[in-house]
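The values are calculated or read from the model by the stated rules, or taken from the named source; none is laboratory data. From a predicted model like this one, the values you see are computed outputs, not experimental measurements. Note that each Cβ is placed from the backbone with ideal geometry, even for glycine, and that neighbours are counted across all protein chains shown.
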Amino acid sequence: MLLNFFKYQGTGNDFIIIDNRTSVFNRADHALVAKLCDRRFGIGADGLMLLQHAQGYDFEMVYYNSDGRESSMCGNGGRCIVEFARSVGLVKNKALFLATDGEHEALVKTGAISLRMNNVSKVEMNAAYSFLNTGSPHYVAFVNDVENYNVFEKGKEIRYNERFKEEGTNVNFVEKKYNDLFVRTYERGVEGETYSCGTGVTAAALVASLKNVATADAYCDIITLGGKLKVSFQKHPDHSFTDIWLEGPASFVFKGEINIS
């Protein structure tokens, strides 16, 4: 069977997208997802998304990590699937879609997609790190010389430590560079560093705000290996956050078909 697919990327975080409105893809086939995401024996991607019908919404986003497991929210993936939905005529200037962590609103702008993330009511602040959930769980640590930091080894060590090994966590290493945050992320499910992580930079921006090192009171400019993003938010006296938006580019790369029989 030939399967049509589309490849998109958002600041280097790349995804396979399948239009599954006619149920051409078996949602339970985790081994096939892992094979398609393999960079040597498949198409190659950090994750795979299905675009599906959802009553009351423009579409549903179903997200898988590259290990084949259905996963939690992906911010860059959310932006990319909105751009795909725009390209096939499902949405125009805005979108309302359903994901594993609930509904999301998105705005289509010139050269960018702005995605509303879920509110964050609790941030665990410790001396060495912070921990919060921005649609996916995130460990955030500020470090020196992040550009030369051993993200793979340090990230893997934290992801598989006693606290996190069962459910896993994404691990973000952050440094303030001039008036931006430079963020590098080890992602669970990929089990390695990605060029960018949308929920990760969102987590880093909120922690930076609590540490009073964000770009401004209501937003933070982010640098990742794959490009630049912006996270805006409303911070409240109880250290909760609402009106959180992740904004950045989302681009079509190529389309094709692959034999999956």
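Could you check, for the range 92-108, whether at least one of its residues is touching a residue at least 40 places away in the same chain (Cβ under 8 Å), more than 27 Å from Ile223 (Cα to Cα) and assigned to a loop (DSSP other than H, G, I, E, B)?
Within the range 92-108, none of the residues are touching a residue at least 40 places away in the same chain (Cβ under 8 Å), more than 27 Å from Ile223 (Cα to Cα) and assigned to a loop (DSSP other than H, G, I, E, B).
Look through Ile113, Ile81, Ile18 and report the one residue that is within 17 Å of the chain's Cα centre (by Cα), assigned to a strand (DSSP E or B) and either in the same structural domain as Ser136 (by TED's automatic domain parsing) or not aromatic (Phe, Trp, Tyr) (or both).
Of Ile113, Ile81, Ile18, the one residue that is within 17 Å of the chain's Cα centre (by Cα), assigned to a strand (DSSP E or B) and either in the same structural domain as Ser136 (by TED's automatic domain parsing) or not aromatic (Phe, Trp, Tyr) (or both) is Ile113.
Any idea which of Ser209, Ser130, Ser196 is modelled with pLDDT of 95 or more, under 21 Å from Thr11 (Cα atoms), of a type in the set (S, T, N, Q) and out of contact with any Pro (no Cβ under 7 Å at 6 or more places or on another chain)?
Of the residues listed, the single one that is modelled with pLDDT of 95 or more, under 21 Å from Thr11 (Cα atoms), of a type in the set (S, T, N, Q) and out of contact with any Pro (no Cβ under 7 Å at 6 or more places or on another chain) is Ser196.
Within the range 62-78, take every residue that is in a strand (DSSP E or B) and not polar (S, T, N, Q) and give me the one that is surrounded by the fewest Cβ atoms within 10 Å (Cβ to Cβ). Outline the logic, then answer.
In the first step, residues of the range 62-78 are kept if they are in a strand (DSSP E or B); the result is 62-65, 70.
Adding the requirement that they be not polar (S, T, N, Q) leaves 62-64, 70.
Values: Val62: 21, Tyr63: 22, Tyr64: 27, Glu70: 16.
Among those that are in a strand (DSSP E or B) and not polar (S, T, N, Q), it is Glu70.
Of all residues in the range 137-187 being without any contact (Cβ under 8 Å) to a residue 12 or more places away in the chain and in a loop (DSSP other than H, G, I, E, B), which is nearest to Ile223 (Cα to Cα)?
Selected residue: Tyr178.
Of the conditions (1) at positive phi; (2) in a strand (DSSP E or B), His239 fails just one. Which one is it?
(2)
Based on what the data block shows, is Ala28 in a loop (DSSP other than H, G, I, E, B) and modelled with pLDDT under 95?
On the way: in a loop (DSSP other than H, G, I, E, B): yes; modelled with pLDDT under 95: yes.
So Ala28 passes the test.
Working carefully through the options Glu147, Glu105, find the one that is within 30 Å of Asn4 (Cβ to Cβ) and either buried (at least 20 other Cβ atoms within 10 Å of the Cβ) or of a type in the set (Asp, Glu) (or both). Before the answer, list the steps.
Details: Glu147 fails: within 30 Å of Asn4 (Cβ to Cβ).
Among Glu147, Glu105, only Glu105 is within 30 Å of Asn4 (Cβ to Cβ) and either buried (at least 20 other Cβ atoms within 10 Å of the Cβ) or of a type in the set (Asp, Glu) (or both).
Which of the residues belonging to the range 124-134 are over 21 Å from Thr100 (Cβ atoms) and either among the charged types (D, E, K, R) or not in a strand (DSSP E or B) (or both)?
Of everything in the range 124-134, those that are over 21 Å from Thr100 (Cβ atoms) and either among the charged types (D, E, K, R) or not in a strand (DSSP E or B) (or both) turn out to be Glu124, Asn126, Ala127, Ala128, Tyr129.
Would you say Glu247 is crowded, with 18+ Cβ neighbours inside 10 Å, part of a strand (DSSP E or B) and among the acidic types (Asp, Glu)?
yes
Please work out if Ser121 is among the hydroxyl-bearing types (Ser, Thr, Tyr), surrounded by 18 or more Cβ atoms within 10 Å (Cβ to Cβ) and touching a residue at least 12 places away in the same chain (Cβ under 8 Å).
Criteria not met by Ser121.
Please go through the range 192-222 and give me each residue that is more than 15 Å from Val140 (Cα to Cα) and aliphatic (A, V, I, L, M), ordered by number.
Residues satisfying the conditions are Ala216, Ala218.
Hey, among Ser71, Ser66, Ser23, which residue is over 17 Å from Ile258 (Cβ atoms), in contact with a strand residue (DSSP E or B) (Cβ under 7 Å, 6 or more places away or on another chain) and outside the structural domain of Ser136 (by TED's automatic domain parsing)?
Ser71
Determine whether Ser240 is surrounded by fewer than 19 Cβ atoms within 10 Å (Cβ to Cβ), closer than 17 Å to Met117 by Cβ and touching a residue at least 60 places away in the same chain (Cβ under 8 Å).
For Ser240, the condition - surrounded by fewer than 19 Cβ atoms within 10 Å (Cβ to Cβ), closer than 17 Å to Met117 by Cβ and touching a residue at least 60 places away in the same chain (Cβ under 8 Å) - is met.
Residue-wise test of (1) modelled with pLDDT of 95 or more; (2) in contact with a His (Cβ under 6 Å, 6 or more places away or on another chain); (3) outside the structural domain of Gly12 (by TED's automatic domain parsing); (4) surrounded by fewer than 24 Cβ atoms within 10 Å (Cβ to Cβ).
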{"residue": "Lys109", "(1), (2), (3), (4)": "yes, no, no, yes"}
{"residue": "Phe142", "(1), (2), (3), (4)": "yes, no, yes, yes"}
{"residue": "Val151", "(1), (2), (3), (4)": "yes, no, yes, yes"}
{"residue": "Gly168", "(1), (2), (3), (4)": "no, no, yes, yes"}
{"residue": "Phe182", "(1), (2), (3), (4)": "yes, no, yes, yes"}
